[in-house]
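Worksheet: the structure to be examined is printed underneath.
Please treat every number below as a calculation from the coordinates, not as lab data. Since we're looking at a predicted model, the values are computed, not measured. All Cβ positions, even for glycine, are placed from backbone atoms using ideal geometry, and neighbour counts span all protein chains on display.
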Amino acid sequence: MLAEHGAWVAINYTQNEEAAHEALTKVNAIGAEGMIVRADVSREEEVNRMVEEVRNRFGPVDLLVNNAGIAVSAPHTDMAFADWKRMFEVNVDGPFLTTWAVKDEMIVRTYGRIVNIASLAGVVLKKNMIHYATTKAAVISFTRHCAEAFAPHNIRVNCVAPGLTDTDIARAANPDAINQLIAATPMGRMAAPEEMATIVKFLLSDDASFITGQTIVACGGRS
């Protein structure tokens, strides 16, 4: 969707190279420029290398979407510190490291647009998701504070908190749990990924020129 509106798109992945190539094929099919780059966003050296590769191909980064994440449901009796730590490495360290890798050049150029993907779990209670929900609440707070800090430099930072969305993470969950979540959603369905992409596109665009530090909760009425 971003490519359709003129963006050059760098696609990050960690393991699913096939899906990354599929996304790149779609970008190229509409005549847009794209590239893929592998990096674990929880590792500083890999993030810095990734951003440098993108910069060498496309120039300075104008738009950043932090949507890498992991989700695990577990009761507190089954959650160890290692589980907590890994969740924070990906879901919180990831947005921090990628933002820090591009913010200085955005400040120099007085232009930047950043969108972080949180979750409805960062807003409402989610049973058996202490670590995941805490990371997503942290992303929302990170968004607000970065927005205030970067605003004088014409850098906008916003957040999307999706409800149940038809993604690989959702499909990997227990079908009974998914059905329960759908039943608890007033609109009675999952969101399509395109519905979240539309919000991201809006927040990155000049149509949202006076919006920063905000979290749009798109959850079909559950919140």
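What does the extension gain come out to for THR25 and GLU148, with contour length at 0.36 nm per residue minus their alpha carbon separation?
Using 0.36 nm per residue and subtracting the Cα-Cα distance, I get 40.6 nm.
Helix 193-204 versus the longest principal axis of the chain: what is the Cα-based angle in degrees, 0 to 90, to the nearest 10?
Compared with the principal axis, the helix lies near 40 degrees.
7 Å from Cα along Cα→Cβ at both SER223 and ASP168: what's the point-to-point distance in nm?
Result for the modelled spin labels: 2.5 nm.
Helix-only estimate, please: 222 nm mean residue ellipticity of the chain, summing -39500 (n - 2.57) across DSSP H runs of length 4 or more and dividing by its residues, to the nearest 500.
Numbers: 8 runs with 98 residues, N = 223.
Counting only the DSSP helices, I get -13500 deg cm²/dmol.
Roughly what angle does helix 94-109 make with the longest principal axis of the chain, taking Cα atoms, 0 to 90 degrees, to the nearest 10?
30
Need the list of lysines near LYS136 for cross-linking: C-alpha distance under 26 angstrom, and skip anything on the same chain fewer than eight residues off.
LYS85, LYS103, LYS126, LYS127, LYS201
What net charge is computed for the residues neighbouring LEU120, neighbours being all others with C-beta under 9 Å from the C-beta of LEU120, Lys and Arg scored +1, Asp and Glu -1?
Values: positive: LYS126, LYS136, ARG222; negative: none.
For residues surrounding LEU120, the net value is +3.
Which loop chymotrypsin sites (Phe, Trp or Tyr not before Pro) in the stretch 111-180, with loop taken from DSSP, have no more than 11 other Cβ atoms within 10 angstrom of their Cβ?
none
Calculated FRET efficiency, GLU4 and ALA192, Cβ-Cβ r, R0 25 Å, to nearest 0.05?
0.95
Between ALA74 and SER141, how high is the FRET efficiency from 1/(1 + (r/R0)^6) when r is the Cβ-Cβ distance and R₀ = 30 Å? Nearest 0.05.
Step by step, r from the Cβ atoms, then E = 0.80.
What FRET efficiency would be calculated for the residue pair GLU45, ASN16, taking the C-beta separation as r and a Förster radius of 22 Å, to the nearest 0.05?
Plugging the Cβ-Cβ distance into 1/(1 + (r/R0)^6) gives 0.55.
To the nearest 10 degrees, how steep is helix 130-150 against the longest Cα principal axis of the chain, on a 0 to 90 scale?
Around 30 degrees separate the two axes.
Under a Cβ-Cβ cut-off of 12 Å, what is the net charge of the residues other than THR215 that fall near it, where Lys and Arg count +1 and Asp and Glu count -1?
Residues near THR215 contribute +2 overall.
Could you give the length gained on full extension between ILE178 and GLU105, defined as 0.36 nm per residue of separation minus the Cα-Cα distance, in nm?
So the extension gain works out to 22.1 nm.
List the trypsin sites (Lys or Arg not before Pro) within the stretch 127-196 that fall in a DSSP loop (any state other than H, G, I, E or B) and whose Cβ has at most 13 other Cβ atoms within 10 Å.
Within the stretch 127-196, the qualifying trypsin sites (Lys or Arg not before Pro) (loop, at most 13 other Cβ atoms within 10 Å) are LYS127, ARG189.
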